[in-house]
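The values are calculated or read from the model by the stated rules, or taken from the named source; none is laboratory data. Model, not experiment: these values are computed from the prediction. Using ideal geometry, Cβ is built from the backbone for each residue, glycine included, and neighbour counts are taken over all protein chains shown. Each accessible area value is taken on the protein alone, full model and side chains, heavy atoms only, with ligands, DNA and RNA left out. Shrake-Rupley method; radii C 1.70, N 1.55, O 1.52, S 1.80 Å.
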Amino acid sequence: MEAVPIPMETYKLGFIGAGKMAESIARGIVQSGVLPPNRIATFHPDASRRQAFESFGVHLHSKNDDVVEESDVVIFSVKPQVVKDVVLQLRPLLSRKKLLVSIAAGVKLKDLQEWAGHSRFIRVMPNTPSAVGAAASVLSLGGGATEQDGDLIAKVFGSIGKTWKADEKYFDAVTGLSGSGPAYIYLAIEALADGGVAAGLPRELALGLASQTVFGAASMACHTGKHPGQLKDDVTSPGGTTIAGIHELEKGGFRGILMNAVVAAAKRSQEFSKS
């Protein structure tokens, strides 16, 4: 049966699970003008979580059933260990007219589709910089999701950063790189700041410079179109300070360590998804 198109101009969006990630996504959607807050709904038993959503106009229902019934697009933003029970509980309401989305890490489309009773499902892997509108999100479409469905969800998650579409078989590697990657970069920022302190800088100045330097370098990589190797060469003068620092990084196996971190996290994600 062909999927009924989601009405782009009037569709309503519901979140099952109202945690920090759901809040970041909902805020991004509202702030970017993708949807007005009165077309977004959720439910949470905790008063502080309800207030967080109400503070920017999102409608709060008294139970998850109402969220699903009132929504054309339903995003499951609950913890991976409870997503099965939640989807099965709501299954009678999850008609093929509704586009379903999961951001639960490590939960495969084939399982989500089986629990929901249909395959109009999209799996999305965002990351924590969604909180500041700088997420890297990867989408994979289930068998019953249309290209239009994919475009709609890309627009929704585009409100909190950048999006890519990829086959689900890459999701463990995505987890190892963009899912876990922010933690590697925080470690690098902390280490750069410690290096600044070791070289004589006050702690606050060192941390500010380290954070802004990483932000600036990432912006250059994203916006100039140049390969990172070329950008590195652009700031590396013969016999200069930068090449001296890079030499130390190379002696310490810097590239290999980062590569190993991504592979190790991807492997762990694979183990989780098999369990």
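Taking a straight line from the alpha carbon of LYS12, these aspartates and glutamates sit under 14 Å away, with near neighbours fewer than eight places off in the same chain left out: ASP66, GLU69, GLU70, ASP72, ASP149.
Surface calculation, 1.4 Å probe, protein heavy atoms: ILE246 sits at approximately 40 Å² accessible.
Here the stretch 13-171 carries DSSP beta bridges of which approximately 15% are antiparallel, counting only pairs with both residues inside.
Give the accessible surface of the stretch 180-273 per residue, rounded to a whole number of Å², with probe radius 1.4 Å and ligands, DNA and RNA excluded. If you can, show how the numbers build up before the last one.
On the way: 6660 Å² over 94 residues.
Averaged over the residues of the stretch 180-273, the accessible area is 71 Å².
Given in Å, the Rg to one decimal and the Dmax to the nearest whole number for the Cα atoms of the stretch 192-275 are 16.5, 52. Remark on ASN127: its backbone amide H falls under 5 Å from those of ALA136, a criterion applied only to residues 5 or more positions apart or on other chains, H modelled at 1.01 Å from N.
So which chymotrypsin sites (Phe, Trp or Tyr not before Pro) in the stretch 109-176 pass both tests, a DSSP loop state and at most 12 other Cβ atoms within 10 Å of the Cβ? Walk me through the numbers before you get to the answer.
Working: sites: TRP115, PHE121, PHE157, TRP164, TYR170, PHE171; in loops: none.
Filter output for the stretch 109-176: empty list.
Run the reach check for LYS232 against lysines, Cα to Cα strictly under 20 Å, same-chain hits fewer than 8 apart removed. What comes back? Correct list for LYS232: LYS251. Set against the labelled values [x] 129; [y] 150; [z] 167, volume of the Cα convex hull per residue in Å³ computed from this structure falls on [y].
Dipole magnitude for the stretch 201-275: about 320 debye, using +1 per Lys or Arg Cβ and -1 per Asp or Glu Cβ, origin at the Cα centre. Only one residue of GLY176, GLY253, VAL82 has its Cα farthest out toward the positive end of the dipole of the chain, where Lys and Arg carry +1 and Asp and Glu -1 on Cβ, and that residue is VAL82. Amide H to amide H distances under 5 Å link GLY144 with SER119, ARG120, PHE121, where only residues 5 or more positions off or on other chains count and H is placed in the peptide plane.
The share of accessible area on the chain that comes from carbon and sulfur is 59 percent, using a 1.4 angstrom probe. Heavy-atom accessible surface of SER62, to the nearest 10 Å², is about 90 Å², with a 1.4 Å probe and all protein chains retained. Antiparallel beta bridges, as assigned by DSSP with both residues in the chain, represent about 15 percent of the total such bridges. Pairs exceeding 23 Å between alpha-carbon atoms, taken from LYS162/LYS274; LYS20/LYS63; LYS165/LYS267: LYS162/LYS274.
Between the stretch 217-275 and the stretch 121-181, what is the separation of their alpha carbon centroids in Å? Result: 23 Å between the Cα centres.
If the only charges are +1 at each Lys and Arg Cβ and -1 at each Asp and Glu Cβ, what is the size of the charge dipole of the chain around the Cα centre, to the nearest 20 debye? Please list the in-between numbers first.
Values: 29 positive and 27 negative charges, 69 e Å.
So the magnitude is around 340 debye.
Once you reduce the stretch 84-116 and the stretch 1-30 to the center of their Cα atoms, the two points are 14 Å from each other. Taking 0.36 nm per residue of separation and subtracting the Cα-Cα distance, full extension of the segment from ASN38 to LEU249 would add 70.8 nm.
Say a site is exposed when it is one of the GluC sites (Glu not before Pro), sits in a DSSP loop, and has at most 12 other Cβ atoms within 10 Å; what is then the longest site-free stretch of the chain? Answer - 10-275. Under the convention that each Lys and Arg Cβ holds +1 and each Asp and Glu Cβ holds -1, the size of the dipole of the stretch 13-54 around its Cα centre is about 40 debye.
If you count only protein heavy atoms with a 1.4 Å probe, what accessible area per residue comes out for the stretch 13-171, rounded to a whole Å²? Let's see the in-between values first.
On the way: 6820 Å² over 159 residues.
So the stretch 13-171 comes to 43 Å² accessible per residue, rounded to a whole number.
Accessible area, 1.4 Å probe, largest first: how do VAL262, VAL82, VAL67 sort?
In descending accessible area the options line up as VAL82, VAL262, VAL67.
Counting only trypsin sites (Lys or Arg not before Pro) that DSSP places in a loop and that have at most 12 other Cβ atoms within 10 Å, the longest clean stretch of the chain runs over 98-275.
Per-residue extension of 0.36 nm, minus the Cα-Cα distance of ASP194 and GLU9, leaves a gain of 61.5 nm for this segment.
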